[in-house]
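Here's the structure, in structure tokens; my notes come after.
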Amino acid sequence: MNKNLIALAALLPCLVLAGCVSTAPNRDPSLTAVMPVAPTPTADPAKPIADGIVDTVWVQVFGGATFKSKHGCKCTLPHTSAELFPAGTPVLFLKVTMTGEWKPSQGNRTTQDVTGTTLKGTQFDGRPEPAVLDIADGPAAARAAGLPWLPTGLFHGQSDWTIPNNEDRSFAVAYYLPSGVDRLQLTVSVPAEGQPNVLFVTLPAAAVRVSTGSGE
């Protein structure tokens, strides 16, 4: 074969490709390619970490910062003088919110009765003993957060406790944090509801790290 023909044959694909490139439409400079970015999951303090309703009172639980206690609980294990939760024990701080929920059978009722609400029966999942409130440092932590301490603080001095429909009322609780726990069974008992509302509260990641001794 003639050498000139061989050279021409080798050049043809390049010419075709060049022609394709030259005929491609110009890209609008106003359009910029953006690679999708996977969202980074973050904890939202405005979202409840547990919630539930029995009848007409909706209860929500919001996570708060875990802090070190300045005082011990002055409580001991059976048959020992060792303090169960000495000073320096991590404390789990939570905000509990109650909201009145109207139902048609209540007619034109505008409030819900929460008289005598208690947290009795609350315990950490997997542990048989009741959770212990930090009554030494908890009230101060509640004041710092702008919240009343326990339901009794929310309705201090009132014999009848009521909350308006579709409006929330909040109070704070703080429990000494035992080691090796990751969930709290918070029992909010509103007598008018007929039975307790048991909420399984998954502890915030920071509290779990402190509980397991893997950091703060």
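The values are calculated or read from the model by the stated rules, or taken from the named source; none is laboratory data. No experiment lies behind these values; they were computed from the predicted model shown. Cβ placement follows ideal geometry from the backbone for every residue including glycine, while neighbour counts extend to all protein chains displayed. These accessible areas exclude ligands, DNA and RNA; they are computed on the full protein's heavy atoms, side chains included. Shrake-Rupley method; radii C 1.70, N 1.55, O 1.52, S 1.80 Å.
For this structure, a couple of remarks:
- Failed condition for residue 130, given (1) under 24 Å from residue 203 (Cβ atoms); (2) open to solvent by less than 40 Å² (accessible area, probe 1.4 Å); (3) part of a loop (DSSP other than H, G, I, E, B): (2)
- Which numbered condition residue 187 misses (of (1) open to solvent by less than 70 Å² (accessible area, probe 1.4 Å); (2) assigned to a helix (DSSP H, G or I)): (2)
- Hey, residue 114 of a type in the set (A, V, I, L, M), within 22 Å of residue 49 (Cβ to Cβ) and within 19 Å of the chain's Cα centre (by Cα) or not: no
- Only a single item in (1) modelled with pLDDT of 95 or more; (2) farther than 21 Å from residue 149 by Cβ; (3) not in a loop (DSSP other than H, G, I, E, B) is not met by residue 16, and it is number (1).
- Exactly one residue out of 127, 183, 169 is within 26 Å of residue 86 (Cα to Cα) and either among the β-branched types (Val, Ile, Thr) or within 19 Å of the chain's Cα centre (by Cα) (or both), and it is 183.
- Restricting attention to region 42-75, the residues that are of a type outside the set (Asp, Glu), part of a strand (DSSP E or B) and modelled with pLDDT of 95 or more total 9.
- Of the residues making up region 86-114, those that are in a loop (DSSP other than H, G, I, E, B), touching a Lys or Arg at 6+ places or on another chain (Cβ under 9 Å) and either crowded, with 17+ Cβ neighbours inside 10 Å or at positive phi (or both) are 88, 89, 114.
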